[in-house]
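Okay, so here's the structure we're looking at.
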Amino acid sequence: MEKVRKINPSKSIHFRGKQSSLKNDQMIHWKSLLERDYIRLLEFDPTVICYESQPLVIDYAYRGKIYKYYPDFKIITTDHRARLVEVKPLKFINKPENRVKFEVGKRYCEQHGWTFQVVTEEQIRPGFLQYNLCKIRKIPKVLISKSICLQILKNLAKQGICTIQELREACNEIEESSFFRCFYFLIYHHKIITDLVNEKLSVNSLVALAKSEVTY
């Protein structure tokens with residue numbers, strides 16, 4: 001879909017850029033580091049099917065003038081519902097002009113049967129989540145061995161809840177770099193669960209099979 005609003009390179013101190021999206025099979029533009037980090041969450045979130053940045057424009061009147069509001073993202077979830085999302089630093093939430101935009105977005109969504117959401121760094125950057133996502137997300141699928149993934153899952157099923165080090169020892173026949181590539185891939189794709197928020201991933205982190213994988 002053609003973008004409603006083109007995001008041009010910035011000449012100011014603000015950050016702008018783009019990154020590839022596996023869910024959308026295209027480059028997704030962002031106009032702040034907070035938006036970039038939010039895209040990481042959307043890519044990781046299993047309830048998100050697809051999403052768009054700068055998906056539409058809403059015209060509205062305020063104090064006798066006509067303005068245009070460009071919500072940051074439109075998201076489609078696995079229950080086939082749509083959600084408009086505004087990404088905003090917490091310190092700007094209560095600015096009058098932003099409160100007006102939020103109300104405009106909310107009313108637009110009510111008219112279309114969608115939901116409207118404002119997200120801040122509190123939801124986007126809790127604890128060590130962004131650090132851990134950066135660590136596990138950049139694993140090209142071409143480097144992933146299905147047989148090694150299955151072997152890791154089977155060994156984890158035998159071990160039960162254990163540390164990464166204990167799982168590594170149970171898979172000692174797998175070359176180390178291959179083990180960690182596949183292991184991180186399995187976490188990123190929700191086959192293995194661990195606490196990504198409250199601590200940095202380390203060999204002492206506890207891991208377990210996701211409920212959908214308990215038959216291994």
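Nothing in this text is a laboratory measurement; each read-out follows from the coordinates by a stated rule. Quick caveat: nothing in here was measured; it's all calculated off a predicted structure. Because the Cβ atoms are built from the backbone with ideal geometry, glycine has one as well, and the counts that use them run over all protein chains shown.
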Choice from Arg40, Arg168, Arg63 showing the highest fluctuation, given a GNM over the chain with Cα pairs closer than 10 Å
Arg63
Between Glu173, Glu35, Glu43, where does the largest GNM mean-square fluctuation fall for the chain, given springs only between Cα atoms within less than 10 Å?
Glu173
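Dipole size in debye (nearest 20) for the chain around its Cα centre, Lys and Arg Cβ +1, Asp and Glu Cβ -1?
Details: 36 positive and 24 negative charges, 200 e Å.
That gives a dipole near 960 debye.
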Electrostatic dipole magnitude of the stretch 129-213 [Cβ: Lys, Arg +1; Asp, Glu -1; Cα centre; debye, to 20]:
380
Relative to the chain, whose Cα atoms define the longest principal axis, helix 33-44 and its Cα axis are tilted in degrees, nearest 10, by 50
Based solely on its DSSP helices, what 222 nm [θ] is calculated for the chain when runs of n ≥ 4 H residues each add -39,500 (n - 2.57) and the sum is averaged over all residues, nearest 500 deg cm²/dmol?
-10500 deg cm²/dmol
Any aspartates and glutamates whose Cα falls less than 16 Å from that of Lys101, other than same-chain ones fewer than 8 residues away, would be Asp59, Asp72, Glu86, Glu110
Given Lys106/Lys135; Lys18/Lys65; Lys74/Lys135; Lys91/Lys211, the pairs whose alpha carbons are separated by over 28 Å
Lys106/Lys135; Lys18/Lys65; Lys91/Lys211
For helix 146-159, what angle does its Cα long axis make with the longest principal axis of the chain, in degrees from 0 to 90 and rounded to 10?
70
Would you compute, for the Cα atoms of the stretch 108-157, the largest minus smallest coordinate along each principal axis and list the three values in descending order, in whole Å?
49, 27, 25
Cα centre as origin, Lys/Arg/Asp/Glu Cβ charges: the stretch 17-124 dipole, Debye:
460
Distance cut-off 21 Å, percentage of C-alpha pairs in the stretch 129-213 lying past it
20
Working out 0.36 nm times the residue gap between Leu22 and His189, then minus their Cα-Cα distance, what length gain in nm do you get to one decimal?
58.9 nm
For the chain, with a Gaussian network of springs between Cα atoms less than 10 Å apart, report the residue from Thr78, Thr163, Thr115 with the top mean-square fluctuation.
Thr78
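May I ask for the Rg/Rh ratio of the chain, computed from Cα atoms with Rh as the Kirkwood radius, given to two decimals?
Taking Rg over the Kirkwood Rh, I get 1.05.
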Cα-based helix-to-principal-axis angle, 176-188 vs the chain, degrees rounded to 10:
40
